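Note sheet for the following structure.
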Amino acid sequence: MEWPDTAEALMRSRFAAFRDADADWLSASWHVSTRPAAVDLSGNPTWRGLQIVDTVAGGPDDIDGIVEFRATYLSGGQHGVLHERSRFVREGRRWYYVDGDQLEP
């Protein structure tokens, strides 16, 4: 897989990784300063869709960026929305997810 060249592209790839239960990609694309020792997807809901709400910087020439998104999911027969404002950092030529603040859906 080619490494995404923007923070938004990395966010989209991470959504696909959550949807496909790809813990290896989630771990690889998570910044070492905040990466958990293991990515546990045992309670992973069924991810349905991703809407990018806003981006701040995060382009190929930036060193950091923010992506605000809403991700819809199905869990236990109930629909839900994860609304987050995520922080990303670029080191070398690679973008990494750092952390995010959950917002009201």
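The values are calculated or read from the model by the stated rules, or taken from the named source; none is laboratory data. These figures come from a predicted structure and were not determined experimentally. Using ideal geometry, Cβ is built from the backbone for each residue, glycine included, and neighbour counts are taken over all protein chains shown.
The residues of region 86-105 that are at pLDDT 95 or above and either exposed (fewer than 11 other Cβ atoms within 10 Å of the Cβ) or within 10 Å of the chain's Cα centre (by Cα) (or both), listed by number, are S86, R87, F88, E91, Y96, Y97, V98, D99, G100, Q102.
Restricting attention to region 21-32, the residues being out of contact with any strand residue (DSSP E or B) (no Cβ under 7 Å at 6 or more places or on another chain), touching a residue at least 12 places away in the same chain (Cβ under 8 Å) and small (G, A, S) number 3. Note down all Cβ pairs under 7 Å where the first residue falls in region 1-20 and is charged (D, E, K, R), the second is modelled with pLDDT of 95 or more and crowded, with 16+ Cβ neighbours inside 10 Å, and they're at least six residues apart or on different chains. Qualifying pairs under 7 Å: E8/T55; E8/G58; E8/V67; R12/L50; R14/L26; R14/S29; R14/Y97; R19/W47. Just to be sure before I move on: is V67 in a strand (DSSP E or B), buried (at least 17 other Cβ atoms within 10 Å of the Cβ) and in contact with an Asp or Glu (Cβ under 6 Å, 6 or more places away or on another chain) in the structure I sent? Yes, satisfied. Is one or more of the residues making up region 8-23 acidic (D, E) and within 16 Å of Y97 (Cα to Cα)? Yes - at least one qualifying residue is present in region 8-23. One residue stands out in region 35-64 among those that are aliphatic (A, V, I, L, M) and in a strand (DSSP E or B): the one that is farthest from F88 (Cα to Cα), namely L50.
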